[in-house]
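The values are calculated or read from the model by the stated rules, or taken from the named source; none is laboratory data. These figures come from a predicted structure and were not determined experimentally. Here the Cβ positions follow ideal geometry from the backbone for every residue, glycine too, while neighbour counts run over all protein chains shown. Surface areas here come from the heavy atoms of the whole protein model, side chains and all, with no ligands, DNA or RNA. Shrake-Rupley method; radii C 1.70, N 1.55, O 1.52, S 1.80 Å.
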Amino acid sequence: MIRVLIADESRQVTDNISRRLALEEDIEVCGTAGEGEYAVQQSLWLKPDIAIVDAALPGLDGVQTTVMLAQALPATGVIMMSMEAENDAYRQAMVAGAREFLQKPFKGDDLVAAVRRVHAFGERRNVSAARAISATAASPAASDDGVAVAPMRQRTRGVVTAVISGKGGVGKTVVAINLAAALGEKHHGEVVLVDLSLQFGDIAAALNLPTTHSITDLVSDSGITDADAVRQVLASGPAGISVLLAPTSPELADYVQPAHITSLVETLRGAFEHIVLDTPSYLNDATISSFEVADHIVMLTDLSVTGVKNARLTRSALETLNIDPSKVVVVANHRESAGELDRRGAETFLGAHISTEIPFAADVVATSVNKGVPFVISHPTSPPSVAINAVVELIDPVSQSGSDTAPDGESSDKKKKTRRKLSFSR
Ligand SMILES: Nc1ncnc2c1ncn2[C@@H]1O[C@H](COP(=O)(O)OP(=O)(O)OP(=O)(O)O)[C@@H](O)[C@H]1O
Ligand SMILES: [Mg+2]
C-alpha cells in the first residue's frame, strides 16, 4: 500500500485529492495538514511514502517543508504542487528535494501517475540501499571501523572522454552522441553519456529521450556518490548506452557545482567502462572540472577563421590549466560545405595536429538528429561514421576492448602510441 500525506491550506483541495486517490486500490491517504509545521509533525509521526505538498502552505511554506522532509525523512518522496508557472516554482521545488512537480490545476490521472512514479523511484532506491548494506556486510574490504571502502561493483576504472570546443555550434553534441553510440556498440551496457551542457543541454532532444530525470535529481539529494542512485536517473539511449541528462531549465544549471561533477565522474568510473562528456562552449568552473577529470579530451573545431581562433584560445587555456597535452586530440568537423580554411592553414594557425576530419554531410547528420538516431547506427558506413570510428580507435583501440581499458595503466606499447597520436605536439 502506498501511504500518502496531503498538505494544502485549502480543505477543498485536500478533500478532492483524497477522493481521487481513494479510487486507487493500492493508495491510501494516511493524513492531511493545512499548514507547514503540522505537515512536518504529521509526517514524522506517520512516515508516509509520499507527501504531496503545496508550495503556498501557510507557516513553513512548501519549499521549507520540503527541505525539512527531505532531511528528516529521506524515504518520503515529496511531490510539490503549485499554482505558479513551471519555471521558478519548479526550480525551487527540485532544489528543495521534491521528486515531482505538479502545476495546479492538474488532472487526477496525472496525480496518480506522479504518486506511482515517485513511489517506484523510492522502492528502487531502497532495494539499492539494501544491496549496498549487504555488500558492505559481506565485503572483505570493509575497514577496521566497519566503514565500507569497496565500491559495489569491482571493475577497472572507466575511461572519461570530454568533447569540448571553443566555439558554439561546431558539433560537440553530435560528436559526443555518436562517439558514445560507437563505444556502446563495442561495449554494450558499459557506456554512459553525460550532458554537461547544463544550461541548454541538447542531448534529450537529439536522442528523443524523456526528461523525467536529470543531473538535478542527484544534486538535490546528495545521490551523486551512490552508483545505484545515479543509475536510477539515467535514461536508456541507443546502442545500450545510458544517458544522464542536463537540467530541464537553464536556471537549474547553477546548482550543479564543480565538486558535483568531479564526484559524479568518480562514481561513473566505478560503474561504466566509458564515460563520454558533452560540454558547453564557454569556460567556467564546471567546464574546467570536466577537462580536469577527463582521460581524453576531444577538442572539436570547425574550419572557420573564428572557429580556429577560438580553438587556439582554448588550447592556451588548457595549457594554463596544466592539462596534459598528450590527452588532447584535435578533430576538425566540416559542418559547413564551403568558405573554410584548408587543413594545413588551420593546423599552422592552431599550432596543433588535426587527428581526424569529419566530413560535411548535411543529409546524414540532419536526418540523424531529426530522427534521434546516431548516424553511426543509422548510417554505419557513411563518411562521418568512419571518422567517428577513427576517433573511437584513438580512445579505445581494438586491442584494448574488454578488460584492459584502465586509463592510468600505461603498460602496453599500443597505448603509448595512442598517447603520441593524441598529442598536441607536432
Ligand atoms: N559534419 C557535419 N555535417 C553537416 N552538419 C553538421 C555536421 N556536424 C554538425 N552539423 C550540424 O551542426 C549542428 C550543430 O551541432 P551541435 O548541436 O552538435 O553543436 P554543439 O557544438 O553541440 O553546439 P552548442 O555549442 O550549442 O552545444 C547540428 O544540428 C548539425 O545539423
Ligand atoms: Mg551541444
Next on the checklist: If I filter the range 337-359 for residues that are closer than 30 Å to N208 by Cβ, surrounded by fewer than 22 Cβ atoms within 10 Å (Cβ to Cβ) and not polar (S, T, N, Q), do I get at least one hit?
Outcome noted: yes
Checklist outcome for this item: Log entry, pairs with first residue in the range 348-367 being under 16 Å from V391 (Cα atoms) and within 16 Å of ligand 2 (Cβ to nearest atom), second being modelled with pLDDT of 90 or more and not in a helix (DSSP H, G or I), beta carbons closer than 9 Å, six or more apart or on different chains, reads I358/G171; I358/L300; I358/V331; I358/A332; I358/N333; I358/H334
Checklist entry - Can you find a residue in the range 260-267 that is over 11 Å from the mean Cα position of the chain (by Cα) and either among the charged types (D, E, K, R) or not assigned by TED's automatic domain parsing to the domain that holds E340 (or both)? => result yes
Checklist entry - Of everything in the range 332-344 that's of a type in the set (A, V, I, L, M, F, W, C) and outside any strand (DSSP E or B), which residue is farthest from S289 (Cα to Cα)? => result A338
Next on the checklist: Can you confirm whether V305 is over 24 Å from V369 (Cβ atoms), touching a strand residue (DSSP E or B) at 6+ places or on another chain (Cβ under 8 Å) and in the same structural domain as V175 (by TED's automatic domain parsing)?
Outcome noted: no
Checklist outcome for this item: Selection over the range 158-170 where residues are near ligand 1 (Cβ under 8 Å from one of its atoms) and in contact with a His (Cβ under 9 Å, 6 or more places away or on another chain) yields a count of 0
Item to check | Which listed residue is under 19 Å from V175 (Cβ atoms), open to solvent by less than 10 Å² (accessible area, probe 1.4 Å) and not in a strand (DSSP E or B), from V308, V329 | outcome: V308
Next on the checklist: Can you tell me how many residues within the range 242-300 are among the acidic types (D, E), at pLDDT 90 or above and not in a loop (DSSP other than H, G, I, E, B)?
Outcome noted: 3
Checklist entry - So which residues in the range 283-304 are under 28 Å from A96 (Cβ atoms), free of Cβ contacts under 8 Å to residues at least 60 places away in the same chain and of a type outside the set (G, A, S), if there are any at all? => result N284, D285
Item to check | Set I395, I354: member being within 19 Å of V160 (Cα to Cα) and in contact with a strand residue (DSSP E or B) (Cβ under 7 Å, 6 or more places away or on another chain) | outcome: I395
Item to check | For L268: the one exception among (1) within 15 Å of ligand 2 (Cβ to nearest atom); (2) in contact (Cβ under 8 Å) with a residue 60 or more places away in the chain; (3) not polar (S, T, N, Q) | outcome: (1)
Checklist entry - Going by the conditions given, is L318 assigned to a strand (DSSP E or B) and buried (at least 16 other Cβ atoms within 10 Å of the Cβ)? => result no
Checklist entry - within 16 Å of ligand 1 (Cβ to nearest atom) and either touching a Gly at 6+ places or on another chain (Cβ under 7 Å) or not assigned by TED's automatic domain parsing to the domain that holds D88 (or both), is that true of V293? => result no
Item to check | Any hit, the range 86-97, residues being open to solvent by less than 60 Å² (accessible area, probe 1.4 Å), closer than 23 Å to P247 by Cβ, assigned to a loop (DSSP other than H, G, I, E, B) and modelled with pLDDT under 90 | outcome: yes
Checklist outcome for this item: Counting only residues that are crowded, with 17+ Cβ neighbours inside 10 Å, at pLDDT 95 or above and of a type outside the set (S, T, Y), the range 380-413 contains a total of 6
